[in-house]
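Below is one structure, written out as structure tokens, with a few remarks after it.
The values are calculated or read from the model by the stated rules, or taken from the named source; none is laboratory data. Just so you know, these numbers come straight off a predicted model, no measurement behind them. Here the Cβ positions follow ideal geometry from the backbone for every residue, glycine too, while neighbour counts run over all protein chains shown.
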Amino acid sequence: MIIKDFSSFSKFLFELNPSSIFILSDTNTLQYCVPILIANIEILKEAQILEIEPGEESKSIEIASGLWESLIEQNADRNTLLLNVGGGVVCDLGGFVAATYMRGISFINIPTSLLALVDASTGGKTGINLNQYKNSIGVFQEAKACFIYPEFLSTLPQNELRCGFAEIVKHYLIDSEVSFDKLMFLNPFEIEDWSEIINENIAIKKRFVQDDLKEKGKRATLNLGHTVAHALEAFYIERGRPVLHGDAVAAGIIIESHLASFCNQKLLSEICFNQIFSYITEIFPRIDFEISDIDELIRLMKHDKKNNQSNITFSLLTKPGSVLLNYEDKELEIIKSLTYYLENV
Ligand SMILES: NC(=O)c1ccc[n+]([C@@H]2O[C@H](COP(=O)([O-])OP(=O)(O)OC[C@H]3O[C@@H](n4cnc5c(N)ncnc54)[C@H](O)[C@@H]3O)[C@@H](O)[C@H]2O)c1
């Protein structure tokens, strides 16, 4: 729910009446967002603060374990409430910690990055990374509620705004021709009021998650671009210089759209591919892997938890608003699309 002030959130907390409240934030959201909440919501003045370092590295078993310990040491019980105030990392990690602590306590997401506002804070996926394997440990558990205060975006760095925008690109591509046309005129760096875009994107995500929380069917549509993106992210985590999730997703959408357009079945029109290519390359930076890295990227794709056995599966766009699920690719075709990216972006 988008909120313009904090009265509905205050009321919700009051009615929930938890035995205690913990606020999980990273160093940045502790500085920029938590003080605004505490200043406006009386009941939060007594909340305990849990702080983690910003970044993907915090989505680890060590950090999760530290948080479980803090909760137990500070007497959190089964009626304790955890407020996740942050980006996708805080929401994923906090959701996982809450869902597993004492077999599950309630949590509320208060997303503060664009990516978390339009994506990570809804849909019930929580989890952490195992070494370089992204989100490989986790549970499906929906937040008790999600309160969205778009004003938090005012302190978000530009590169993080761009990253969140990658999921918006994905949503508008999978939604409809109308959304696709709208997208082609959006420049993330010129948007002043995000409310309408946030509302539309949450509605799109909910449409695909509804009735398929555990991704047995249509939810897989949301994986567009993500088979390649997760491999790129894992590849750079292994090398100790992580890429931003959204930048990996943007590259993934280009590479997978190329695959859809130039694979044997020619699933996506070349005109549409060219529009997507030009639009994304105007906004997002090139991911600099090399031809010699392609084998390793393929190996990582085979490890993707979305796959059946060792085939690589994709959710491929066939036209705006239409996605073919579980497309199993021949390695040769994905190699061509990875190479195309390297030679043309
Ligand atoms: N659960 C899901 O459905 C889902 C969906 C998409 C992505 N994700 C996960 O989300 C994560 C990425 O999320 P992210 O891009 O939000 O990263 P993030 O949580 O690391 O946030 C990005 C950076 O922005 C800072 N930040 C956040 N809000 C801020 C604000 N208002 N002002 C100033 N700085 C702020 C953070 O401190 C961090 O440095 C990944 O781990 C990804 O796997 C989960």
Selection from the stretch 138-156 of residues at pLDDT below 95 and near the ligand (Cβ under 7 Å from one of its atoms) yields none
Give the stretch 92-126 a look and list any residue that's among the aromatic types (F, W, Y) and either under 12 Å from I148 (Cβ atoms) or more than 12 Å from the ligand (Cβ to nearest atom) (or both), or say none.
Y101, F107
Here is a list: V85, V90. Which entry is surrounded by 20 or more Cβ atoms within 10 Å (Cβ to Cβ) and part of a helix (DSSP H, G or I)?
V90
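Conditions tested, residue by residue: (1) in the same structural domain as E56 (by TED's automatic domain parsing); (2) at pLDDT below 95; (3) exposed (fewer than 14 other Cβ atoms within 10 Å of the Cβ); (4) out of contact with any strand residue (DSSP E or B) (no Cβ under 9 Å at 6 or more places or on another chain).
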| position | (1), (2), (3), (4) |
| --- | --- |
| E233 | no, yes, no, no |
| I237 | no, yes, no, no |
| S269 | no, no, yes, no |
| I280 | no, no, no, yes |
| F284 | no, no, no, yes |
| Q309 | no, yes, yes, yes |
N135 being within 14 Å of the chain's Cα centre (by Cα), within 9 Å of the ligand (Cβ to nearest atom), more than 25 Å from A203 (Cα to Cα) and assigned by TED's automatic domain parsing to the domain that holds I72
no
Which of the residues that make up the stretch 38-67 are closer than 12 Å to N84 by Cβ and either more than 10 Å from the ligand (Cβ to nearest atom) or touching a Lys or Arg at 6+ places or on another chain (Cβ under 6 Å) (or both)?
L50, L67
Here are the criteria: (1) more than 23 Å from the chain's Cα centre (by Cα); (2) part of a helix (DSSP H, G or I); (3) surrounded by 14 or more Cβ atoms within 10 Å (Cβ to Cβ). Tell me which single one L300 does not satisfy.
(1)
Kindly list the number of the only condition in (1) under 27 Å from L161 (Cβ atoms); (2) β-branched (V, I, T); (3) free of Cβ contacts under 8 Å to residues at least 40 places away in the same chain that fails for V345.
(3)
Is one or more of the residues making up the stretch 56-64 buried (at least 17 other Cβ atoms within 10 Å of the Cβ), in contact with a His (Cβ under 9 Å, 6 or more places away or on another chain) and either farther than 17 Å from N75 by Cα or at pLDDT 95 or above (or both)?
yes
Condition check for E192: in contact (Cβ under 8 Å) with a residue 24 or more places away in the chain, acidic (D, E) and not in a helix (DSSP H, G or I)
no
